[in-house]
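Chemist: One structure follows; several queries about it will come next.
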Amino acid sequence: MMKRNSIFAAAVCCALACHAQQIEFHSENAFSFPVENKSHPDPDSFSFKYSTGAKLTARNVSAVYFTGIGATDFPALAAAIPHGIDSMQRKRYGAKWSAQTRIVHADILAGTLLYSQGISRLKTPYITVPSALRKPSLLTPGISPELPSCSSSEKPLSLALSVSPGTQLPFLPTVQIAALETAEVYAGIFKRFSLPFAPSGSLSFSGGLFKFGRENTSSWFQKQQYFQEKKRLALEAELNLSYPGLRIASAAGIHESSFGGGYGWARIQDFILLGDFTLHSFYYIADASLITASKSEPGIRSQLCINPQYIFWLGKTSLNMGILLYTAERRTRERICESFSEKKAKAALTVQSGKHTVSTSGTVSRSEEDGFSEYSLQLKLSGKYRPLSFTSQVSFKNEDRDKNTVSFTQYVYPKKAAAASLSAGISVSEKDGDISAVPSASASFKGGGKKVRWNVKASFSVSF
């Protein structure tokens, strides 16, 4: 497998290099230096990870190749050099060919591709609680095959095709299909439309055969029930509607059960827009025993959220305020599960005046499972000055009954695209009277011309 992947990537990159219109080099590195004893640091706890590669773009073809290793301590890294380092590499690569005519637009992709949108919702159907100042948005239809990035994780090899109609056939839908080396198959079909009763909208169907199972263990009392590994069908339907004062995003899915029958879920999210007032809300409901396409069991039976927002104006200064109230019914992960409720409240305020922005937010959440109330606060100050912009951020969070964490981060970045950006911060935690600190810093540099560009990122952290 490793040899085949390397040959594929090398062949594509060499073919493109001769006719490339642009080459963009990427490198991301991270160093971690835990120091338990300041006078005698333990070298075995030092770790390093990196990712490097390039993206080549030609007339109608683009290709990427990235390789790197995950966080690895120094002794293990030294022991792997030189013969074992190749087995530690996480290779991500791919190529995309595009063709466009008045009849059809087609994209063919091959490599360790990424898939999102409908596929992501089948793996994680519930709604993540947003900030209290969530901007109106709609769901993106299809399965969205994409080439990997420098920071993406390693994925199985796959082949994807995306076909959308040209200007001569605007009434036809867009079709996307993919086949993975794991024998999984994904597909999506969607159509954007404009009708008298719906100025703008989209209708989408996505699904696939997802291969997963759960191993049987020798334990007498297993927390989760065992089921055999095989391909299981999961399907999603999605409808977006957009009006001048209303946005509606809805989706529903059905999953083949590992124990016979099926599981279902549905979600709807809307934004009512009345001038400076926005009312955001969402609702989600699912079978309590739902097992998603990623074999996870969210245990979320329902979610309900209401989020009013309003913008006040004081001359040219705007005050954007929002309050979010959320409740969910969940169940424990034990084999004999019990239901419990989870509640959350958020508030946020952003004041913007000219080149300066001040944002503050707070969250309070409580789960009946453990009876613990968690809260957090955050303050962010931003300013734009020629030629630099600055952002300062401080936050506080009580992570559990005995642990409190305070973090401060300072960002500096230029307005021009070809330059460097810097950030530095420190996170201080207190638990049972013991204090730990994690200073960190990161830097990114990007630049180049029309033919050759580069993007380098590095981060450092020290914990003591």
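The values are calculated or read from the model by the stated rules, or taken from the named source; none is laboratory data. In this text, all values refer to a predicted model and were calculated from it rather than measured experimentally. Here the Cβ positions follow ideal geometry from the backbone for every residue, glycine too, while neighbour counts run over all protein chains shown. When the accessible area is computed, the model is the full protein with side chains, heavy atoms only, and any ligands, DNA or RNA have been set aside. Shrake-Rupley method; radii C 1.70, N 1.55, O 1.52, S 1.80 Å.
Chemist: How many residues, within region 295-341, are of a type in the set (Ser, Thr, Tyr), touching a strand residue (DSSP E or B) at 6+ places or on another chain (Cβ under 9 Å) and at pLDDT below 90?
Modeler: Number satisfying all stated conditions: 2.
Chemist: Considering 125, 145, 136, which residue is open to solvent by less than 30 Å² (accessible area, probe 1.4 Å), touching a Leu at 6+ places or on another chain (Cβ under 8 Å) and touching a residue at least 60 places away in the same chain (Cβ under 8 Å)?
Modeler: 125
Chemist: Out of the residues in region 376-398 that are of a type in the set (Lys, Arg) and in a strand (DSSP E or B), state the one that is farthest from residue 363 (Cα to Cα).
Modeler: My answer is 384.
Chemist: What are the residues in region 54-93 that are touching a Pro at 6+ places or on another chain (Cβ under 9 Å) and in contact (Cβ under 8 Å) with a residue 60 or more places away in the chain, if any?
Modeler: 64, 66, 92, 93
Chemist: A further question follows. How do the pairs read when you match residues in region 95-109 that are without any contact (Cβ under 8 Å) to a residue 60 or more places away in the chain with residues anywhere that are of a type in the set (S, T, N, Q) and assigned to a loop (DSSP other than H, G, I, E, B), using Cβ under 8 Å and keeping only pairs 6 or more apart or on different chains?
Modeler: Qualifying pairs under 8 Å: 97/60; 98/60; 99/60.
Chemist: Still on this structure: Could you go through region 2-14 and let me know if any residue there is within 30 Å of residue 427 (Cβ to Cβ) and either part of a helix (DSSP H, G or I) or at pLDDT below 75 (or both).
Modeler: no
Chemist: Please work out which residue is most open to solvent (accessible area, probe 1.4 Å), limiting yourself to region 80-95 and to residues that are in contact with a strand residue (DSSP E or B) (Cβ under 9 Å, 6 or more places away or on another chain) and closer than 21 Å to residue 182 by Cβ.
Modeler: Residue satisfying both the conditions and the ranking: 90.
Chemist: So residue 435 passes all but one of these: (1) touching a residue at least 12 places away in the same chain (Cβ under 8 Å); (2) more than 30 Å from residue 323 (Cβ to Cβ); (3) β-branched (Val, Ile, Thr). Which condition number does it fail?
Modeler: Going through (1) touching a residue at least 12 places away in the same chain (Cβ under 8 Å); (2) more than 30 Å from residue 323 (Cβ to Cβ); (3) β-branched (Val, Ile, Thr) one by one, residue 435 breaks only (1).
Chemist: Restricting to region 267-306, name every residue that is under 16 Å from residue 128 (Cα atoms) and either open to solvent by 40 Å² or more (accessible area, probe 1.4 Å) or not in a strand (DSSP E or B) (or both).
Modeler: Matches in region 267-306: 268, 283, 285, 292, 296, 297, 298, 299, 301, 304, 306.
Chemist: In region 246-253, is there at least one residue being among the charged types (D, E, K, R), open to solvent by 10 Å² or more (accessible area, probe 1.4 Å), under 30 Å from residue 354 (Cα atoms) and part of a loop (DSSP other than H, G, I, E, B)?
Modeler: Scanning region 246-253 turns up no residue that is among the charged types (D, E, K, R), open to solvent by 10 Å² or more (accessible area, probe 1.4 Å), under 30 Å from residue 354 (Cα atoms) and part of a loop (DSSP other than H, G, I, E, B).
Chemist: Has region 310-321 got at least one residue that is under 24 Å from the mean Cα position of the chain (by Cα) and either farther than 30 Å from residue 255 by Cα or part of a strand (DSSP E or B) (or both)?
Modeler: Scanning region 310-321 turns up no residue that is under 24 Å from the mean Cα position of the chain (by Cα) and either farther than 30 Å from residue 255 by Cα or part of a strand (DSSP E or B) (or both).
Chemist: Considering 344, 355, which residue is at pLDDT 95 or above and either under 30 Å from residue 313 (Cβ atoms) or open to solvent by 50 Å² or more (accessible area, probe 1.4 Å) (or both)?
Modeler: 344
Chemist: Being outside any loop (DSSP other than H, G, I, E, B) and under 30 Å from residue 366 (Cβ atoms) narrows it down to one of 121, 134, so name that one.
Modeler: 121
Chemist: On to the next question. Out of the residues in region 104-115 meeting the condition of being under 17 Å from the mean Cα position of the chain (by Cα) and either hydrophobic (A, V, I, L, M, F, W, C) or modelled with pLDDT under 95 (or both), tell me which one is surrounded by the fewest Cβ atoms within 10 Å (Cβ to Cβ).
Modeler: Ranking the qualifying residues of region 104-115, first place goes to 114.
Chemist: Would you point out the residue of region 156-173, among those that are of a type in the set (Gly, Ala, Ser) and in contact (Cβ under 8 Å) with a residue 60 or more places away in the chain, that is least open to solvent (accessible area, probe 1.4 Å)?
Modeler: Out of the qualifying residues, it is 166.
Chemist: Of these, 178, 237, 198, which one is in contact with a strand residue (DSSP E or B) (Cβ under 9 Å, 6 or more places away or on another chain) and crowded, with 20+ Cβ neighbours inside 10 Å?
Modeler: 178
Chemist: A further question follows. In this structure, does residue 365 turn out to be in a strand (DSSP E or B), closer than 17 Å to residue 300 by Cβ and in contact with a strand residue (DSSP E or B) (Cβ under 7 Å, 6 or more places away or on another chain)?
Modeler: When the stated conditions are applied, residue 365 passes them.
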